[in-house]
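Asks: Please see the structure below; I have some questions.
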Amino acid sequence: EVHDWAEVRVGDMPRTATLYFGAAARKQAETAAFLDVVNGVDASNSYAALYDDYEQRQSLEARLVKAADVLDLLIQVLALERAGACGLDEFWEVGEKPEFNLAGPAEQIVQELLESILKSRGELHRNV
């Protein structure tokens, strides 16, 4: 995904990194890293425009990508917990009150998927 390209340079910084660097510094580092990655191959700035759209969440597509990114994270964390990993509660915080700013079918589909993932986690912990 285009929005993950910055991770090539700065790694996948956890949300807790903002406790040490601040949200603005983290975002600035990720943006600079992204621009460094696409420098020389993005003459029309189309990748930069996509990245900016994702960061601003102005389009439905950008908001859906963000929702998919969160759902993907939660599915990965659920798989780790099923394999016996512990101490991953902080990752579930993103699913508690997500603000994807979706409407209509997009909101319904994302909400159903989120509820299904959370239900699976609840069942896992009931059986432990």
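The values are calculated or read from the model by the stated rules, or taken from the named source; none is laboratory data. Being a predicted model, the structure only gives us computed values, none of them experimental. Note that each Cβ is placed from the backbone with ideal geometry, even for glycine, and that neighbours are counted across all protein chains shown.
Asks: Condition check: within 17 Å of ASP69 (Cβ to Cβ) and either assigned by TED's automatic domain parsing to the domain that holds GLU90 or modelled with pLDDT of 85 or more (or both). Does VAL38 satisfy that?
Replies: no
Asks: Can you pull out the residues in the stretch 12-22 that are under 24 Å from PHE100 (Cα atoms) and either over 14 Å from the mean Cα position of the chain (by Cα) or of a type outside the set (Asp, Glu) (or both)?
Replies: MET13, PRO14, ARG15, THR16, ALA17, THR18, LEU19, GLY22
Asks: Sticking with this structure for a sec: Only residues in the stretch 110-128 that are of a type in the set (Gly, Ala, Ser) count as the first member; pair them with residues that are at pLDDT 95 or above, Cβ under 8 angstrom, at least 6 apart or cross-chain, and list the lot.
Replies: Once the first residue is of a type in the set (Gly, Ala, Ser) and sits in the stretch 110-128, its partners that are at pLDDT 95 or above give SER120/LEU78.
Asks: When you go through (1) in contact with a Gly (Cβ under 8 Å, 6 or more places away or on another chain); (2) not in a helix (DSSP H, G or I) one by one for LEU114, which number turns out not to apply?
Replies: Answer for LEU114: the failing condition is (2).
Asks: Right, something else. Name the residue that is surrounded by the fewest Cβ atoms within 10 Å (Cβ to Cβ), counting only residues in the stretch 71-106 that are among the β-branched types (Val, Ile, Thr) and in contact with a Leu (Cβ under 8 Å, 6 or more places away or on another chain).
Replies: If we take residues in the stretch 71-106 being among the β-branched types (Val, Ile, Thr) and in contact with a Leu (Cβ under 8 Å, 6 or more places away or on another chain), then VAL94 is surrounded by the fewest Cβ atoms within 10 Å (Cβ to Cβ).
Asks: Next up: Step by step: first the residues of the stretch 50-60, then only those that are surrounded by 12 or more Cβ atoms within 10 Å (Cβ to Cβ) and free of Cβ contacts under 8 Å to residues at least 24 places away in the same chain, then the one that is nearest to ALA6 (Cα to Cα). Which residue is that?
Replies: Per the stated criteria, the residue is ASP52.
Asks: Residues that are under 16 Å from the mean Cα position of the chain (by Cα) and under 30 Å from HIS125 (Cα atoms): find the helices (runs of 4 or more DSSP H) completely inside the stretch 23-103 holding 2 or more of those.
Replies: 60-82, 89-92
Asks: Within the stretch 1-34, which residues are surrounded by 15 or more Cβ atoms within 10 Å (Cβ to Cβ) and either hydrophobic (A, V, I, L, M, F, W, C) or in contact with a Gly (Cβ under 7 Å, 6 or more places away or on another chain) (or both)?
Replies: Matches in the stretch 1-34: VAL2, TRP5, ALA6, VAL10, MET13, ALA17, ALA29, ALA33, PHE34.
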